[in-house]
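Read the structure below first, then the notes.
What follows is calculated from the coordinates using simple rules that are stated; it is not laboratory data. Note that the structure is a prediction, hence the values are computed from the model and not measured. Reconstructed Cβ throughout: ideal geometry from the backbone, glycine too, with neighbour counts over all protein chains shown.
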Amino acid sequence: GLAVMASEYDTLVGSGVYADHEMGWLSNILGANAWGSSFIVGDGSTFPHCMQHQVTNIVGSLDGSQPILAGAAVEGPNGFAATGSLTGMRTCPPDGVDTFAPFNGKTAVFKDDVQSFSTVEPAIDLTASSPLAFAWEIKGTPPPIQGGGGPVTVVTIQFDDGNADQLNALSLLSARNMAATFYINSGFIGDATHLSVADLQTLHAAGNEIGGHTIDHANIKKLKTADARDEVCTDRNTLLGWGLPVTSFAYPYGSYDADSELVVHDCGYNSGRGVSGVDDTKTFAETIPPLDPYGLRMTPSIKQGTTMATVEGYVTAAEAHGGGWVQLLIHHLCDGCDAYSTTVPDFTTFLDWLQGEVESGRVVVKTTDQVIGGSVQPPVAP
């Protein structure tokens, strides 16, 4: 377990600070210890033949011949008395000679299976984690998710409501190898002020994510459960029918409660996003993984009066406070067409700045689905 945690930490932050500890712990497990024995059954020339659990005593080998229950992990020194003999258990070692007896004393005894586990913890902590530890040693740990040595900040650019002017973002994002998440009200798609089905399919084909936002921007917190399910499930089913793999949801008006979260979950979504909870003064980012995937926290919506310096500040504040997930929300991409809007030149300036953060290794740009993960669920009846 310690070796796995060391590898995971170094992988997540892109460092090797615990690499020596990891190798030391694995070496101890594989025989570089005072007992001169591997703690993994079947590994090395000297390994335990008397595993602790009663069932392994009854069905496994006691002398290294088949059947060897390869891969089981034992706990090494153990200061607790073993109890729990069952009918059919065999004396182990068969000749009664305990080769580890010289190490007995001061309440510590090497018990590799005369009777039973003193607790279930060794089975959980050792056997459960050992496949991952050794798989990483064979294949190699995954590459770091960022170029630098500090915590990573993930930025997700999001657009709500499917407004037609959001298509202005496509070429700007593609030119920088970035993708965004577009949360869509399916009931508005195709009218004069909103995107078309073909637009959504084009956005998706370019690597952007399409998410759900109810049929007609309904405040589902105020609806009866049946009506809320109709808004959420039907909207998602429509988007799926257009060939869009929909996994992420945004609550209209950022309004939701526990019942709303349950509706979103039951309609097949992997996440639900509000419109508050993160700022640059107290809560600097959503956690990865999120504390509540159906109550995702984010920065305030970008409005006409929001400067790009403010938006950049949300990102740099997260960078300075341990990283995490920063979600940035735009409704309109136009010049003064709506209170909730930003201009194309300002958005371009921000993307140029963000690209610099990516190239420096401080930021990774991902869609909501890429952060949350999970499979695309089938359609769900309202």
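Among the listed pairs LYS224/LYS303; LYS221/LYS366; LYS224/LYS282; LYS282/LYS366, give every one whose C-alpha distance is greater than 26 Å. Cα-Cα > 26 Å for LYS224/LYS303; LYS221/LYS366; LYS224/LYS282; rest within. Principal axis analysis of the Cα atoms in segment 153-372 yields extents of 47, 36, 29 Å, listed in decreasing size. Note on GLN201 and THR310: the extension gain reaches 36.0 nm, defined as 0.36 nm multiplied by sequence separation minus the Cα-Cα distance.
For segment 153-372, the antiparallel share of DSSP beta bridges with both residues in that region comes to about 5%. Specify whether the C-alpha gyration tensor of segment 190-264 places it in the rounded, prolate or oblate class, a ≥ b ≥ c being the square roots of the eigenvalues: rounded for a/c under 1.5, otherwise prolate if a/b is larger than b/c and oblate if not. The shape class here is prolate. Taking label positions 7 Å along the Cα-Cβ direction at both LYS222 and THR91, the computed distance is 8.1 nm, reported to one decimal.
If you plug the beta carbon distance of LEU291 and ILE68 into 1/(1 + (r/R0)^6) with R0 = 45 Å, you get a FRET efficiency near 0.55. Between THR193 and ASN33, what FRET efficiency follows from the Cβ-Cβ distance if R0 is 56 Å, with the result rounded to 0.05? After rounding, the FRET efficiency stands at 0.20.
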